[in-house]
Amino acid sequence: MTIRHHLTDQLLMAYSAGELPEAFSLVVATHISRCDECRARLASFDAVGGAVLTQCDAAPMASGSLAATMAMIRSRAIEGVGPPRERPAPVSGLFPAPLRDYVGGDLDRVQWRAVGGGVRQAILRTEGPGSVRLLRIPAGVAVPDHGHRGLELTQVLQGAFHDGEDRFGPGDIDVADESTHHTPVAEDGPDCICLAATDAPLRFRSLLPRIAQPFLRI
Ligand code: ZN
Ligand code: ZN
């Protein structure tokens, strides 16, 4: 798999610092599990963060803070979106480990809901701001033309889409923000399956999707 579209330094730094909301952490973790290049860049940000910490003056800690920190590390490790970050063991199937934990298995466990135009989605349960969903888009079908009020991360798991400028295939991640107006169209071939996180409702430009928006929760 040749990955052409990667995470930005900003996102990797925020992930390394544990500052991303859960919805975005899941997409970043999913990309990293497939991408040696971003995993290596993340490791260097982790090292910089650790070096900064060791150079800080010691501060008095409240009693119980070590236990609380260890509990937090353990719970994040179980979720699969925090450390450890070794190269994940390869698993058969479409979904890498972080995503499997949220779905409760692989593609056959996803509970799809039709959202019109042959597109199906499954919203995954996360805490905090933003939301994350799996999208399944048949060949030739477009996600309606829309802008963004916030950040949108779209990780391709299967198939490919074209947004008018670039092609995004398996392993690629599309980072879109306020300046992006695109109409992603799924390529011929197998259904395009993506994992997408958004931190604000998408701003659809045609009337019909806007009416449907509250019902689709996108
Ligand atoms: Zn990458
Ligand atoms: Zn978009």
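Values in this text are rule-based calculations from the coordinates and carry no lab data. Only a predicted model underlies this, so the values are computations on that prediction, with no experimental measurement involved.
Need the full-extension length gain, Gln55 to Ala68, defined as separation in residues times 0.36 nm minus the C-alpha distance. One decimal, nm.
2.4 nm
Please work out how much length the chain gains when fully extended from His181 to Ala114, using 0.36 nm per residue of separation minus the C-alpha to C-alpha distance, in nm with one decimal. Mind showing how you got there, number by number?
Numbers: separation 67, 0.36 × 67 = 24.12 nm, distance 2.39 nm.
Length gained between His181 and Ala114: 21.7 nm.
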